[in-house]
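As structure tokens, the structure follows; a few thoughts come after it.
The values are calculated or read from the model by the stated rules, or taken from the named source; none is laboratory data. Note that the coordinates shown come from a computational prediction; the quantities given were computed from them, not determined experimentally. Positions of Cβ are generated from backbone atoms using ideal geometry, with glycine treated the same way; all protein chains shown enter the neighbour counts.
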Amino acid sequence: MHYFEYQNGELFAEQVPVRRIAKEVGTPAYIYSLATLKRHYQVFDRAFARVPHVICFSVKANSNLAVLRTFAKEGSGFDIVSGGELFRALKAGADPKKIVFSGVGKKKEEIEYALDAGILMFNVESEQELAFLDDVSRARGKRAPISLRVNPDVDPKTHPYISTGMKKSKFGIEIKRSAELYKKALSLKNLEVIGVDCHIGSQLTSVGPFVDALSRIREYLDRVLVGYLRKEGANIRYLDLGGGLGIQYKDEEPPRPEDYAAALIQGLEGLDVTLILEPGRVMVGNAGILVTEVLYLKETDEKKFVVVDGGMNDLLRPALYGSYMGIRPVVERKAETIVADVVGPICESGDFFAKDREISRPQPGDLLAVMSAGAYGFTMASNYNSHPKPPEILVDGDKFYVVRQRETLEDLIRGETIPPILQ
Ligand code: LLP
């Protein structure tokens, strides 16, 4: 569900014509709908209303300050994976007591920053990290609240690059070793064991793998952890099930948040914990588009190419995962349908938004909207080929705000210097 709809053949973001925004801010540009962001949060939150829960929006999906602020105002917490994401979340007014810190490679300064901020918990991913976290906390005169990220070894049936909960993945701690590591954690004086965590992958389109992961953790908790940990004085009061709920890019039929929640809540029965969820994509994916302008139509004997001014530098998903992104004309026109690749200006064959796509023949100057680009769009953008990053726009009803300006040429060389020997 989102608020990008056609009115008389023209695409609107809420009540603003996308064409008007493009005219004012140029292209390419990311456009987000505030009403969609709020609605997604509220639907997700309501779905879990029956159980104690904290929703920690996964900052990596979209880290724009205005987007984070929107969620913070709705009461959301945040899932972070770096000091940079912590900085952003705090700047956006996040409550540190609702921040969880995940990731396999936390550095000393990042740990110190999070300890000082007083976050809810660190999701620990290895034995060495456990010991290191204890050392850093001791030196800081603090106790770090932790959970172990366990790897339940279930197949999320998604793209291999975004599946994280299988045995061969770099993420998490093998479930069968976790009792041993919990023991170790309990022996470390500057750690406080408060939770269990898992995240099995992203863009999941059925509840099965989530339910399997929960039941493995559950079985393990019941059988091994709870009794033992209670005896040792630990109080496991948070169960973090990560993110991963998919969205519709093409013809997927992902579970609705209500169904996802119902399945998880059922699996929790009898367990006295606060549930933590780390949704990213489902909150922001369909709340954003990337608008780009057609530069040229290039036809060879073999193929047709629609060359646009946005590229893999702006939106990496198709190049990196072969992802399907819907592409729609901003203003519908009556023209023949052609089959073409929609490609960007970057000097890489992997620079495409769509392959062999049926599209109504565009003309130079036409605007196209790449749909569902609100998640892992801007956050994965780069300056490759020295293109300034695009602006981000937030639409609210009939108004819009530039929430990140387009980078300038000067921004491209910020921080670079030519040393004296070359002058
Ligand atoms: N929690 C953890 C520990 C994660 O690693 C992730 C995503 C999330 C939560 C949020 O997952 P979500 O609800 O968004 O599925 N760049 C890829 C997606 C990478 C996901 C990485 N981790 C893409 O564009 O599809």
Tell me, yes or no, whether segment 308-316 has at least one residue that is near the ligand (Cβ under 10 Å from one of its atoms) and surrounded by fewer than 24 Cβ atoms within 10 Å (Cβ to Cβ).
yes
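Which residues, taken from segment 274-293, are of a type in the set (S, T, N, Q), under 30 Å from Pro52 (Cα atoms) and assigned to a strand (DSSP E or B)?
First pass over segment 274-293, keeping only residues of a type in the set (S, T, N, Q): 274, 286, 292.
If we keep only those that are under 30 Å from Pro52 (Cα atoms) as well, we get 274, 286.
Residue satisfying the conditions is Thr274 alone.
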The residue from Leu204, Leu221 that alone is aliphatic (A, V, I, L, M), outside the structural domain of Ser372 (by TED's automatic domain parsing), within 21 Å of Ala61 (Cβ to Cβ) and touching a residue at least 40 places away in the same chain (Cβ under 8 Å) is Leu204
Go through the residues of segment 331-349 one by one and say whether even a single one is under 21 Å from the mean Cα position of the chain (by Cα) and in the same structural domain as Ala13 (by TED's automatic domain parsing).
-> no
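For the structure I just gave you, tell me whether Leu68 is under 30 Å from Phe12 (Cβ atoms), within 16 Å of the ligand (Cβ to nearest atom) and not assigned by TED's automatic domain parsing to the domain that holds Arg317.
On the way: under 30 Å from Phe12 (Cβ atoms): yes; within 16 Å of the ligand (Cβ to nearest atom): yes; not assigned by TED's automatic domain parsing to the domain that holds Arg317: yes.
Yes: the conditions hold for Leu68.
Evaluate segment 97-112: report whether one residue or more is among the small types (Gly, Ala, Ser) and closer than 27 Å to Ser372 by Cα. Let's see the steps before the verdict.
To start, the set of residues in segment 97-112 that are among the small types (Gly, Ala, Ser) comprises 102-103, 105.
After this cut, where a residue has to be closer than 27 Å to Ser372 by Cα as well, the list is 102-103.
Yes, the conditions are met somewhere in segment 97-112.
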Among (1) of a type in the set (Gly, Ala, Ser); (2) more than 22 Å from the chain's Cα centre (by Cα); (3) surrounded by 20 or more Cβ atoms within 10 Å (Cβ to Cβ), Gly415 falls short only on (3)
Residue hits (segment 214-253; more than 16 Å from the ligand (Cβ to nearest atom) and among the charged types (D, E, K, R)) are Arg216, Arg218, Glu219, Asp222, Arg223, Arg230, Lys231, Glu232, Arg237, Asp251, Glu253
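Select from segment 317-350 the residues that are closer than 16 Å to Tyr384 by Cα and within 16 Å of the ligand (Cβ to nearest atom) and list them in ascending order. Please lay out each step first, then the result.
The initial filter retains those residues of segment 317-350 that are closer than 16 Å to Tyr384 by Cα, namely 317-320, 343-350.
Within segment 317-350, Arg317, Pro318, Ala319, Leu320, Gly350 qualify.
Under 17 Å from Ile55 (Cα atoms), within 20 Å of the chain's Cα centre (by Cα) and touching a residue at least 12 places away in the same chain (Cβ under 8 Å): does that describe Asp240? Full working, then the answer.
Working: under 17 Å from Ile55 (Cα atoms): yes; within 20 Å of the chain's Cα centre (by Cα): yes; touching a residue at least 12 places away in the same chain (Cβ under 8 Å): yes.
The answer is yes for Asp240.
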Taking segment 170-197 and keeping residues in contact with a Phe, Trp or Tyr (Cβ under 9 Å, 6 or more places away or on another chain) and within 14 Å of the ligand (Cβ to nearest atom) leaves Gly195, Val196, Asp197
